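See below for the structure under consideration.
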Amino acid sequence: MIGGERLRSVEIFQGLNDEELEIAAPFCQEEKVPEGVTLCQEGARADKLFILEEGTVSIRFSRGINYAIKAPGKILGWSFLVPPNRYTASAVTIAPCKLLVIKSPDFYDLIHKDTKVGLKIMDNLSKVVASRLKAFVDYY
């Protein structure tokens, strides 16, 4: 089982206290994924959220734009938490990866029922999306 301490550096869990991290931890499952695996496909139903612990993942847009996520604690597949729950990009491992994966619809329910935890997670998520959009706009 994943402990809450392991989630402390995850960008969407910033600011959660120990008790709140322990509430989120059971939703995470560790997966080791080899290079060349498509984690999610642009436009597909977003049914998983990925947290990078080790390795590198390429984020790929259908218009030919790509960038790499390498830092531990970064998330992939944020559309899992935002309606209409469709992935906005594809994600492909470009090195072997260790990931934490959240795929339970109960996690989505948790952030809506536990408003204190849910607000912190969604606030962090909005910061992630805004920073990636800004980086994209600045680059292109």
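The values are calculated or read from the model by the stated rules, or taken from the named source; none is laboratory data. Owing to the predicted nature of the structure, the values given are computational and were not obtained by experimental measurement. For the accessible areas, the whole protein counts, side chains as well, though only heavy atoms, and no ligand, DNA or RNA atoms are used. Shrake-Rupley method; radii C 1.70, N 1.55, O 1.52, S 1.80 Å.
Is it true that some residue in the stretch 99-112 is part of a strand (DSSP E or B), farther than 18 Å from Val10 by Cα, open to solvent by 70 Å² or more (accessible area, probe 1.4 Å) and of a type outside the set (Ser, Thr, Tyr)? No. Would you please name the residue that is farthest from the chain's Cα centre (by Cα), looking only at residues in the stretch 113-128 that are under 13 Å from Phe13 (Cα atoms) and open to solvent by 30 Å² or more (accessible area, probe 1.4 Å)? Taking the candidates together, the pick is Lys116.
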